[in-house]
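The values are calculated or read from the model by the stated rules, or taken from the named source; none is laboratory data. Being a predicted model, the structure only gives us computed values, none of them experimental. Here the Cβ positions follow ideal geometry from the backbone for every residue, glycine too, while neighbour counts run over all protein chains shown.
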Amino acid sequence: MNAGNFAARLRSREQLIGYWVVLDAPVATERIARIGYDYVVLDGQHGLLGYQGLLTNLMAIDAGSSLRTPARAGAGASADADASARADAGTGTGTGTGTGAGTGAGVGSDARTGTVGLVRVEANNPTPIGRALDAGAAGVIVPLVDTAADAARAVAAARYPSPRNTNAAADASGTGTPAAADASGGSTPAAGMGGGVRSYGPMRSGLRIGPVPAEADAATVVLAMIETPQGLANVAEICATPGLDGIYVGPSDLCLSVGGRYPGDPEVADEFNAAIELIAKTARAAGVAAGIHTPDGETAQRYLAAGYTYATVSSDLTHLEEIATTHLETARSAG
């Protein structure tokens, strides 16, 4: 799945499932990316990754996605299965050749399969947002968005300035609004796009996203985190921000924001659940995607059934500790 197709699916509120990475371990990230998740998020805010880590792990996601297997036989899958997966990936060499200029689908993914890389940036600032996108992220998750003005700044940081001559890309209404190619090759008005402040320098992303600015804008998603008291109070205005593709709930901070003493505090369960429900309903009414971070697949499934359109499952560090602990307990119990 290329960035443009991912953006189209997210904007149409299709259900998507992702994974969260906080470790700078590209080989592990590559393996995660071939499992079948629709996206993998690299945590540039709280994760243990610097810029070089973001870059190499985005490359790992693309590499793993190109070797994606339709169904995994488990961690102990045979060499034959891996060889078959590579055979299914196609015989072409190189990357970003695709079937159309700039699609960047990779040798092992078609329009609806494969995994894209997203980055939760460290701050709502043009510099980290631009660097993440230049490194090849298909989109950014922006933390600590309190107001519609904050959301608009995030959108502007991820979009290039509007071209002076928009005649060739004017929309059907003749208003001069730039239009952008959608994932199917058609043209849709790029509402809320253009007029940004992103500096042009797609050192890596230009191989697979864009590199024409209007095309890059159309294929890049911007997601605002709802996690603060102000963000919750202003969620309707945030969701209505032109060019914003969706919102993303940070449950830990949201729990603190509704009065919790710590993430998951049962004493504020009612308030927390009411906030979760409000956010999903508000996003649905605004027609934008609604995402949430979850601790496990069961919780992700429950939120998707409750109206969220995309959900991220746990993280690599959490799973590493959980699995290591489980095996240790099992081994000790045998004695």
task = List every residue pair whose Cβ atoms sit under 7 Å apart, with the two residues 6 or more apart in sequence or on different chains, where the first one lies in region 219-242 and is without any contact (Cβ under 8 Å) to a residue 40 or more places away in the chain and farther than 19 Å from Arg11 by Cβ and the second, anywhere, is part of a helix (DSSP H, G or I) and of a type outside the set (Asp, Glu).
result = Pro229/Ser257
request  = Only one of these is within 23 Å of Leu23 (Cα to Cα) and touching a strand residue (DSSP E or B) at 6+ places or on another chain (Cβ under 6 Å): Ala311, Ala324. Name it.
outcome  = Ala311
inquiry  = Quick check on my filter: what residues within region 135-156 are over 11 Å from Ala123 (Cα atoms) and of a type in the set (Gly, Ala, Ser)?
reply    = Ala135, Gly136, Ala137, Ala138, Gly139, Ala148, Ala149, Ala151, Ala152, Ala156
ask   = Wholly within region 108-193, which strands (runs of 3 or more DSSP E) include no fewer than the required count, namely at least 2 residues that are modelled with pLDDT of 65 or more?
value = 116-120, 139-142
inquiry  = Filter region 10-55 down to the residues that are assigned to a helix (DSSP H, G or I) and either of a type in the set (Gly, Ala, Ser) or without any contact (Cβ under 8 Å) to a residue 60 or more places away in the chain (or both) and list them by number.
reply    = Pro26, Val27, Ala28, Glu30, Arg31, Ala33, Gln52, Gly53
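Residues are listed down the side, and each one gets a yes or a no for (1) aliphatic (A, V, I, L, M); (2) touching a Gly at 6+ places or on another chain (Cβ under 7 Å):
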residue: Leu254; (1), (2): yes, no
residue: Pro263; (1), (2): no, no
residue: Pro266; (1), (2): no, no
residue: Glu271; (1), (2): no, yes
residue: Ala275; (1), (2): yes, no
residue: His293; (1), (2): no, yes
residue: Gly297; (1), (2): no, no
residue: Asp316; (1), (2): no, no
residue: Thr330; (1), (2): no, no
ask   = Residues in region 232-248: is at least one over 30 Å from Gly195 (Cα atoms) and touching a Lys or Arg at 6+ places or on another chain (Cβ under 9 Å)?
value = no
message = Take the residues in region 25-53 that are more than 19 Å from Ala300 (Cα to Cα) and touching a strand residue (DSSP E or B) at 6+ places or on another chain (Cβ under 9 Å); name whichever of them is surrounded by the fewest Cβ atoms within 10 Å (Cβ to Cβ).
response = His46
request  = For region 198-215, enumerate the residues that are small (Gly, Ala, Ser) and either in a loop (DSSP other than H, G, I, E, B) or in contact with a strand residue (DSSP E or B) (Cβ under 9 Å, 6 or more places away or on another chain) (or both).
outcome  = Ser199, Gly201, Gly210, Ala214
inquiry  = Please go through region 233-265 and give me each residue that is of a type outside the set (A, V, I, L, M, F, W, C) and more than 18 Å from Lys281 (Cα to Cα), ordered by number.
reply    = Pro242, Gly243, Ser252, Asp253, Ser257, Gly259, Gly260, Arg261, Tyr262, Pro263, Gly264, Asp265
